[in-house]
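Asks: The structure follows.
The values are calculated or read from the model by the stated rules, or taken from the named source; none is laboratory data. From a predicted model like this one, the values you see are computed outputs, not experimental measurements. As a convention, Cβ positions derive from the backbone with ideal geometry for all residues, glycine included, and neighbour counts pool all protein chains shown. Side chains included, ligands, DNA and RNA excluded: accessible areas come from the protein's heavy atoms. Shrake-Rupley method; radii C 1.70, N 1.55, O 1.52, S 1.80 Å.
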Amino acid sequence: MLITIPSVLWPDQVAHARGLLGKAAWADGKATAGAQSALAKNNQQLPYDCAEAKEIGETILKNLGQNALFISAALPKAIFPPLFNRYGAAERHSFGDHVDNAIRYLPHGRGRIRTDLSAALSLSERDSYDGGELVVEDTYGAHQVKLPPGDMILYPATSLHPVEPVTRGVRLASFFWIESMVRDDGRRTLLLDMDVAIRRLAESAGDHDPAIVSLTGCYHNLLRRWADA
């Protein structure tokens, strides 16, 4: 499943985030990379405990908690605190082919999560930089992603994915991982398709139509069978 979640941050929230990131102290992005990924990673990143990262991250998580599409698509059990990266043309930043680590340890020894889904939220205007596309590979080929600011892409963490070199300007983004109640991507996709279809039918037939009630029951019984809550 590769899905765009539009308007996770509103324009004023994006502008505020960019203002904070413009004042932040960036560090080498290799700090959070695994041994193999570190060989391909060349960017900058904010430290976990950076005040700017915490403030923007809290806004992202609050908005996602109210986003029906994200909840339906991810079925989140746990979310890694949002991180932030910077790719600049002057530094020739890029991130070669890699697969995200299967397990991520939460900051300050608060446990760990399994990374079922990866998320990348754009914070830069698309015409403010060249290059910098996230390329997600799946069974249907390679998909280039360059989103408007405030939009977020959600994709399986098992995917091979590079970030193309930035050749002009600066690319700012947030990235993080989600442990889903349903770890299998095919099952999550089926549940999302069913949920979207039920919502569309309910708009025309009404929530209490017998067929809608029956389909909703099927959805929850599948979720009950597959979920690790």
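Asks: Just to be sure I understand, how many residues within region 71-84 are touching a residue at least 60 places away in the same chain (Cβ under 8 Å) and under 15 Å from Arg183 (Cα atoms)?
Replies: Total satisfying the criteria: 8.
Asks: Sticking with this structure for a sec: Can you confirm whether region 132-155 contains a residue that is on the phi > 0 side of the Ramachandran plot and surrounded by fewer than 17 Cβ atoms within 10 Å (Cβ to Cβ)?
Replies: Taking every residue of region 132-155 in turn, at least one turns out to be on the phi > 0 side of the Ramachandran plot and surrounded by fewer than 17 Cβ atoms within 10 Å (Cβ to Cβ).
Asks: Still on this structure: Do you know which of the residues in region 111-130 that are within 21 Å of the chain's Cα centre (by Cα) and free of Cβ contacts under 8 Å to residues at least 40 places away in the same chain is surrounded by the fewest Cβ atoms within 10 Å (Cβ to Cβ)?
Replies: Taking the candidates together, the pick is Gly111.
Asks: Something else about it: Does Trp10 satisfy the criteria of being open to solvent by 70 Å² or more (accessible area, probe 1.4 Å) and either within 27 Å of Pro165 (Cβ to Cβ) or of a type in the set (A, V, I, L, M, F, W, C) (or both)?
Replies: Judged against the criteria, Trp10 is a match.
Asks: Within region 86-107, is even one residue surrounded by fewer than 18 Cβ atoms within 10 Å (Cβ to Cβ), assigned to a helix (DSSP H, G or I) and not polar (S, T, N, Q)?
Replies: Within region 86-107, one or more residues are surrounded by fewer than 18 Cβ atoms within 10 Å (Cβ to Cβ), assigned to a helix (DSSP H, G or I) and not polar (S, T, N, Q).
Asks: Taking interchain pairs and intrachain pairs at least six residues apart, which have beta carbon atoms under 8 angstrom, with the first residue in region 85-105 and free of Cβ contacts under 8 Å to residues at least 12 places away in the same chain and the second surrounded by fewer than 18 Cβ atoms within 10 Å (Cβ to Cβ)?
Replies: Short answer, once both residue conditions are applied: Tyr105/Gly111; Tyr105/Arg112.
Asks: Further, regarding this structure: Among the residues of region 179-197, is any polar (S, T, N, Q) and buried (at least 17 other Cβ atoms within 10 Å of the Cβ)?
Replies: yes
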